[in-house]
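The values are calculated or read from the model by the stated rules, or taken from the named source; none is laboratory data. For clarity, every value in this text was computed on a predicted model and none was experimentally measured. Note: ideal-geometry Cβ built from the backbone for every residue, glycine included; neighbour counts use all protein chains shown. Just the protein is used for accessible areas: all its heavy atoms, side chains included, with ligands, DNA and RNA removed. Shrake-Rupley method; radii C 1.70, N 1.55, O 1.52, S 1.80 Å.
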Amino acid sequence: MNDQDRIRFNAFRELCLRNAEDFIKTAESLLNKDVNHIVFQLSVFGLEEIGKIFLGWYQMSAEESWDKEHYDIPLDDHIKKLFWAIWGPSFANEKFTKEQMDEIQGMASKLHNKRLDVMYTELTDTVPSSAKISDSEAGTYVRMALARLKLAKIEGSADTRLSTEQEQDSKWFTKATDNSVRRKYIFSNYSQEKLIEFGNVQDWIEWLKKHFNEEERELSVLLEEEIQRVSEQGDDKSYDPKWRIRFTLNTPSHSIRANIVNKFSLKSPHIKFAKGGDNHTLLVDIILDKKTNVVGLWSHGWSFSNLLVASLNVGTNGLFYWNIPKDVDQYYDTIWDIENNRQLSAKLETSLQLDWSSKKLVLAEKELAITFIVFGYFSRLFGNPEFEPVNDYITALGMLAKSDMHLRLEDQCFLRFFLAFEKAIVMNENCSADSIKEVGYKLLENVITERTEFDAIIDKGLELQNGQGKTSLPISLTDIIGIKQYIGIYFIILAHKEFRSNKGLTT
């Protein structure tokens, strides 16, 4: 952190401390005045301001270089602000003091849920919000917030540096809590009790890493068993159906035909497809057996469905996703010309919409067959380092499906597909990232009709990557679909190669 950054951080820290003190002192003045819900909220607001000090310090002190990603922690994430308000000091120091431990006890796992309960009135409520927190409980929260404010005023020097290990841990933790499944576990009562037991963040994060690594290993085994059953012929006597998970996918690219998906579903006891309410809605049922217990059901089903959706996108070369947005380029209901008393139609000139209808694509049996070959390949990679390109592909799909005029994600979406392409080639072709253009074209030259277009798309990806997400070149949906096709074709090549190898076939 240079002198300019140090001055900027110290000014930011003083503002946060002042805001925190205003909130907490006001809360203290309202004690025993029958507004305990407001007392509680003000105490929480004060803690969030304290948590922002650590987040700001981390973002400004984390080192950044051309080959190292700088990871920003959002300052508007309420749970993370509360977490770092409580545990930030432990991240820069070895252990908590007894005073700090007493302050934290019982608070870390309940604070955010408590605020949601107090903040809103529900149909099931029978008492006003002020009655949801007793006088003694409100006093406890104020005392905790005051104690934390006192500590915040003497900690958090701008001269404190993160070690490489601490920076990596903080980056891992931030990414882990961005994942809804992991976030739920990390902030569960059990996990928070383990944090208090360890007394410091570093040991706790190591424990979390081991837990999630073991969970991924177990999920990988379960997925392998499930996909093995899908590929088996005849009855599987060891298969004992227990769970059915249904989810709905939308597809602007393909038309769904009931006879095709029904015919395919008859062949598979583990995955069922059905036509939804219209020609662009696909219903999917995943059948899991008793080996999946109720504790792991959500995460197992989510992993399974994610891989299946990714495989559908690869196998069909189209777009299948959950809840694809409707407001792609129009935010209004009507626009009227008052002077001429006539209605107008205006749309954003955007790259977010592709004319899928002109292609007249229908979900076919051949595409479903390719989908399941890819699904088997993805399932084998799950939980291993080689899964990273697939994970980038899945992230890019989410961006592509959710991107609209309210949330413009073209550049980030394109970059994720490009990174998936680059990483997959580097991992499987034993080449360097510098040779991505030549190696990539050689792999795909039998299906690419225009080398110039391929080079232009790869050049945009390289500029985005080297510019850390910034480019002077405009990214269109045609570019995004182009790079999506390249990585999709390459995934099919890899999956087909493995499929033939497993079947003992020769090329």
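Hey, among K290, K272, K237, which residue is of a type in the set (K, R), modelled with pLDDT under 80 and closer than 30 Å to K184 by Cα?
K290
With respect to the numbered conditions (1) open to solvent by 60 Å² or more (accessible area, probe 1.4 Å); (2) without any contact (Cβ under 8 Å) to a residue 40 or more places away in the chain; (3) under 28 Å from K132 (Cα atoms), which one is the sole condition not fulfilled by N32?
Evaluating N32 over (1) open to solvent by 60 Å² or more (accessible area, probe 1.4 Å); (2) without any contact (Cβ under 8 Å) to a residue 40 or more places away in the chain; (3) under 28 Å from K132 (Cα atoms) leaves (2) as the failure.
Between a first residue in the stretch 115-127 that is closer than 25 Å to L47 by Cβ and a second residue that is of a type in the set (D, E, K, R) and surrounded by 10 or more Cβ atoms within 10 Å (Cβ to Cβ), which pairs have beta carbons less than 8 Å apart while being 6 or more apart in sequence or on different chains?
D117/K132; V118/K132
State all residues of the stretch 134-148 that are open to solvent by 20 Å² or more (accessible area, probe 1.4 Å) and not charged (D, E, K, R); if no residue qualifies, say none.
S134, S136, T140, Y141, M144, L146, A147
Determine whether K437 is among the basic types (K, R), modelled with pLDDT of 85 or more and either closer than 24 Å to N502 by Cβ or in contact with a Pro (Cβ under 6 Å, 6 or more places away or on another chain) (or both).
Against the criterion (among the basic types (K, R), modelled with pLDDT of 85 or more and either closer than 24 Å to N502 by Cβ or in contact with a Pro (Cβ under 6 Å, 6 or more places away or on another chain) (or both)), K437 does not qualify.
Considering only residues that are touching a helix residue (DSSP H, G or I) at 6+ places or on another chain (Cβ under 7 Å) and part of a loop (DSSP other than H, G, I, E, B), look in the stretch 117-133 and name the one that is least open to solvent (accessible area, probe 1.4 Å).
I133
Suppose we filter N279, N317 for residues that are under 24 Å from the mean Cα position of the chain (by Cα), modelled with pLDDT of 80 or more and open to solvent by 10 Å² or more (accessible area, probe 1.4 Å); which single one remains?
Selected residue: N317, the only one of N279, N317 that is under 24 Å from the mean Cα position of the chain (by Cα), modelled with pLDDT of 80 or more and open to solvent by 10 Å² or more (accessible area, probe 1.4 Å).
Do you know which residues across the stretch 479-507 are at pLDDT 75 or above and exposed (fewer than 12 other Cβ atoms within 10 Å of the Cβ)?
Passing the criteria: only S501.
Of all residues in the stretch 440-471, which are in contact with a Lys or Arg (Cβ under 7 Å, 6 or more places away or on another chain) and at pLDDT 90 or above?
The answer is Y441, D455, I458.
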